[in-house]
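Notes for the one structure printed next.
Every number in this text was worked out from the coordinates using simple rules, so none of it is lab data. Please read these numbers as outputs of a predicted model, since none were measured by experiment. Cβ sites come from the backbone with ideal geometry, for glycine too, and all protein chains shown count toward neighbours.
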Amino acid sequence: MPDNAAQPCFELIKQNEVHLKVVNERVTRHGDYRRLSNGMHQITVNASLNKYRFLITLIHEIAHLIAFQKYGRYIKPHGNEWKYTFQQLMLPFIRPEIFPSVLLPVLANHFRNPKASSDTDAKLSLALKQFDEGPDKTFIFELPYGSLFRIYNGKIFKKGNRKIKRYECLDVNSGKVYLFQPNAEVEELPQ
């Protein structure tokens, strides 16, 4: 995580008695919050995340814990109570000492109404991905219409039309149509 965020995050972890586990990458999620049967609070965050996404994910999961404690167990996981809690927890971190200036306006816009996942906010997701390590990635929005591509699980799709925000893509094996976010990472295949 960013250096200037470490101490405030440590205080949140200590104050809320969180057992934090940094785990191997999971494709379907960046982090997870669970209340264990012994009453302890466990938060897992993927080790593969860049430091800015790691911080956002950690605060996202702590917001679940605090919202459930404050408003009860029966609130919606990403409902208004969680959104308000997440906004309040993130506010002290949205500063130039923590995030690069290129991210600040995107973060400010996202936290007006935070989504269940930073990946569903395509602008934020793409802004954060520029800080990922490793080879450059290809995104669906960059592919020409009709391109073939492979996703992380090996399935092959053909890119179709954009419908409002997402792209309709045909699974070449099953013939089913799936919707993809424009910022989905894919491997373009030769035609």
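Annotation for the stretch 129-191 versus the stretch 79-118: alpha-carbon center distance of 27 Å.
About its Cα centre, how strong a charge dipole does the stretch 1-128 have in debye, to the nearest 20, once Lys and Arg get +1 and Asp and Glu get -1 at the Cβ? Spell out each step's value before the answer.
Working: 16 positive and 10 negative charges, 69 e Å.
Computed about the Cα centre, the dipole is about 340 debye.
Only Lys, Arg, Asp and Glu carry charge here, each on its Cβ (+1 for the first two, -1 for the last two); on that basis the stretch 1-72 has a dipole of about 180 debye about its Cα centre. Remark: the stretch 138-189 carries a charge dipole of roughly 260 debye about the Cα centre, counting +1 on each Lys and Arg Cβ and -1 on each Asp and Glu Cβ. Give the residue from 46, 191, 65 lying farthest towards the positive end of the charge dipole for the chain; charges sit on Cβ (+1 for Lys and Arg, -1 for Asp and Glu) and the dipole is referred to the Cα centre. Of the candidates, 65 comes out farthest on the positive side. If you run the Gaussian network model on the chain, springs between alpha carbon atoms under 10 Å, then out of 170, 58, 126 the most flexible one is 170. Within the stretch 159-191, which residues have the backbone N less than 18 Å from the label spot 7 Å out from residue 50 along Cα→beta-carbon, could you tell me? Label zone hits: 182-186. Springs join every pair of Cα atoms under 10 Å in this Gaussian network model of the chain, and among 42, 87, 69 the largest mean-square fluctuation is at 69. Cross-link check: pairs 21/115; 83/155; 70/129; 76/176; 51/123; 21/165 evaluated at a Cα-Cα cut-off of 29 Å; pairs beyond the cut-off: 83/155; 70/129; 76/176; 21/165. Between 81, 61, 11, the residue with the greatest mean-square fluctuation in the GNM of the chain (Cα pairs under 10 Å linked by springs) is 11.
In plain terms, the bigger the Kirkwood radius, the slower the diffusion; for the stretch 3-129, with that radius from Cα pairs, at 10 °C and 1.306 mPa s, Stokes-Einstein puts D at 107 µm²/s. Overall shape of the stretch 123-191 was characterised from the C-alpha gyration tensor. The equivalent ellipsoid obtained from it has semi-axes of 21, 14, 10 Å, in decreasing order.
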